[in-house]
1. Just add up the charged neighbours of B:Tyr111: K/R +1, D/E -1, any other residue whose Cβ is under 14 Å from the Cβ of B:Tyr111.
2. With everything on Cα atoms, drop me the angle between helix A:314-328 and the longest principal axis of chain A, reported from 0 to 90° to the nearest 10.
3. Would you kindly state the longest site-free stretch of chain A, with sites defined as trypsin sites (Lys or Arg not before Pro) in a DSSP loop (not H, G, I, E, B) surrounded by at most 14 other Cβ atoms within 10 Å?
4. Alpha carbon centre of segment A:103-150 versus segment A:253-291: separation in Å?
5. Ranked by Cβ crowding within 10 angstrom, fewest neighbours first, how are B:Met243, B:Met135 ordered?
6. Where does helix A:405-424 land angle-wise versus the long Cα axis of chain A, in degrees 0 to 90, nearest 10?
7. Given only helices, namely DSSP H runs of n ≥ 4 each adding -39500 (n - 2.57), what is the per-residue ellipticity at 222 nm of the protein assembly as shown, to the nearest 500 deg cm²/dmol?
8. Show which aspartates and glutamates lie in cross-link reach of A:Lys134 when reach means a straight Cα distance below 18 angstrom and same-chain residues fewer than eight apart are skipped.
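What follows draws every value from the coordinates through simple rules; no lab data is involved. Every value quoted in this text rests on a predicted model; they were computed, and no experiment measured them. Note that we place each Cβ from the backbone using ideal geometry, even for glycine, and neighbour counts take in every protein chain shown.
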Amino acid sequence: MMKAPYKAVAALVSASGLAAVMAMAPAASAAKRNTVELTFYYPVGVVGPLSQTMTTLVNRFNQTHPGIHVNAVFSGNYQQTLAKVETAIQGGNPPDVAVLNHTAQFDLIHLQAIEPLDDVVKAGGFYPALTQPKVQGHFWGVPFQRSTVVLYYNKDAFKKAGLDPSHGPNTWSELVADGQKLQKLGMSGIEIPSDGTVYWEFEPFATEAGHNLGGNDGVHVYFNSAAAKTALQFWMDLSHKYHVMPAGILPWNNVPTDFENQKTAMIVHSSGSMASILQNAKFQVGVSFMPAYKSKYRTGVGGGDLYLFKGIPADHRAAALTFIKWMSAPAQAAWWSIRTGYVPTSPQAMQQPEMQAHIKQVPQAKVPVDQLAYAQPELSTYQLNQVYDVIDSAIQSVIDGQSTIAAALDKAQQQADAILAPYRMQ
Amino acid sequence: MAVNGMALGMRPGKPSTLPHHVASRRTWRARLRQAVLWFVACVWGFPTLWVLYETFFAGAGRFGFTFANLAQAWQVAPFGRYYLNTLVMVFGLLAVQLLFGAVVGFVLARYDFPLKSVITLIFLFQVVVPIYAVMIQDYRMLSSLHLLNTMAGVMLPYTVSGIAVLSFRQAFRSVPRELEEAARLDGYGTFGIFRRVYLPQAIPAALAFAVVSVTYHWTDFLWPMIVTNTDNARPVVVGLAMMAQASESGMQWNLLAAGTAIVILPVLILFTLATRRILAAFAATFNW
């Protein structure tokens with residue numbers, strides 16, 4: 001009775017055991033003589049075949065640079081890439097180059113993981129909004145895949161509601177007025193995502209109202225400033241006073257889908273979503289600046305930079321610098337921008353013929369670039385994930401109705417101060 | 001099994017010789033139980049059904065059927081290679097885990113020696129401590145063994161499984177000593193007894209452990225992601241991760257669903273075919 005299944009198990013065991021032994025053979029080393037092998041970790045932050053786009057770009061580098069071979073290693077999302085980098089550093093096996101969040105710089109500096117890249121940044125001619133501020137007197141990351149917070153609106157719905165489809169709302173009060181008119185078409189006026197890392201969509205509103213959420217030194221935050229309170233009050237009013245936004249927490253991934261399905265006429269989202277929104281929407285899509293509080297336009301930036309790691313051999317360092325310069329140069333920046341939806345990182349990238357042709361075809365793609373003149377640095381501190389958790393849960397507790405604005409933001413400020421206090425001594 | 005058959009479809013509608021009010025109460029109870037089971041099954045099954053719907057029907061127009069989503073997702077990553085790697089790692093690991101589990105479980109179940117309880121405790125400890133607590137140490141060890149970026153490196157920290165050891169130990173302990181003595185009288189040595197008397201009794205345990213191991217390692221993501229760099233050593237979930245990241249954009253649900261389908265379909269089919277045996281093995285095994 002037991003014999004047959006036992007044999008089946010035994011067969012499976014021996015067959016797989018053989019396979020396991022075969023797997024023990026180490027991967028063949030591809031190293032050629034006189035070729036520097038670089039390891040380059042990169043995350044994927046936007047949906048689509050981005051990993052292949054990156055492989056194509058890196059292959060181009062390899063073909064045009066004899067003597068250097070870059071191994072591009074997909075490493076998950078930004079958090080997973082950071083985890084992989086940290087593990088590799090502590091295991092004595094750092095990558096040569098990696099793309100990580102621009103905001104990760106304080107924690108990377110604290111880990112003594114990265115080297116400054118002042119020369120590359122200065123020579124690159126990047127938009128200042130993408131490199132400022134300096135940290136400890138240096139530039140650490142080279143802008144690579146960056147995005148801004150923009151407002152998307154449904155031009156067809158604007159026409160139906162009797163609004164001017166050539167631009168979105170210019171101010172917070174226009175946002176409310178437009179939203180109320182659009183509401184009559186049977187859709188929401190606006191949706192602003194509020195799950196996950198909501199600080200990112202929230203920060204431009206606070207900045208417009210008068211103050212950034214973070215300082216430039218990595219040890220100070222301004223979570224309970226009058227500006228932050230005004231901004232959060234405005235968000236609450238959108239739902240509960242003006243009734244132009246659904247109440248409660250709105251998921252980041254659903255907001256573009258709601259926009260494409262005409263459940264909402266406007267959304268606040270990343271410029272990185274533009275390609276998929278333009279592809280999926282069956283109506284004319286407008287992209288505009290974030291509406292200003294009174295008169296001051298502002299926006300936030302996000303995304304990843306190229307970093308150079310410490311503790312790699314001198315020949316690797318030289319090759320890695322060549323690679324970073326090439327990847328961030330105007331031609332590659334334009335190529336990458338067109339295929340991913342990230343902003344071109346320098347005015348020269350913007351001037352590339354390929355980029356100009358793209359803008360002619362997709363005029364909306366110019367909006368995030370023009371917006372860079374009004375962009376403010378993204379909240380960045382030491383112990384970044386903890387600090388993000390503090391502000392995100394404070395905002396979400398207010399949206400959820402569990403806390404008042406003043407109580408939540410005051411508590412968040414206290415918690416963040418406690419987290420950052422040890423770093424102020426240094 | 002009888003309970004399952006009852007719950008999942010048989011209707012108690014046959015004429016009954018019981019008094020009317022008793023029969024109707026039973027019918028009523030059975031219906032309620034059926035309704036509750038259906039409800040729970042729907043809640044549990046919904047995500048999978050939604051994935052299959054998005055994969056095969058999204059964007060296909062009304063009542064259409066399409067392979068376009070699957071084809072598009074298949075393009076995003078070298079899934080063929082990833083499947084091969086996953087099969088080698090998952091079943092190779094299972095083979096090694098079963099081997100060590102059976103041998104160690106046998107020794108723990110049938111022999112007495114000093115510090116036996118401490119050693120048993122160490123295996124229990126291994127069940128409780130997640131790999132992520134010792135990840136950096138594991139990474140360093142693999143680095144010094146030159147096993148980073150190999151399938152062997154992904155598998156090595158998992159080769160001795162506390163769950164396997166304890167499951168086999170429990171299965172072997174329930175074998176009556178008389179059987180062993182009878183076999184000895186028939187002229188079997190220790191290995192013969194292990195193979196002919198004990199191992200056959202442990203097949204449900206092996207099967208139940210196999211389910212746990214395969215489902216865990218089929219979807220294990222962060223560890224393989226951290227120790228591997230190239231397509232030669234990466235599992236199929238890495239391919240899914242390539243299209244599941246949308247922190248800086250909106251999500252394309254059809255693509256995400258198709259990627260999920262690529263990962264789960266083989267396991268889903270396998271488990272659907274073997275549901276009965278798996279349930280029986282689970283009931284017999286996880287009582288330690």
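1. In short, +3.
2. Tilt of helix A:314-328: around 40 degrees.
3. Longest site-free region, per DSSP loop and neighbour criteria: A:311-426.
4. 29 Å
5. Ordered by Cβ neighbours within 10 Å, fewest first: B:Met135, B:Met243.
6. Approximately 40 degrees, to the nearest ten.
7. Calculated mean residue ellipticity at 222 nm is -17500 deg cm²/dmol.
8. A:Asp107, A:Glu115, A:Asp118, A:Asp119, A:Asp217, A:Asp305, A:Glu378
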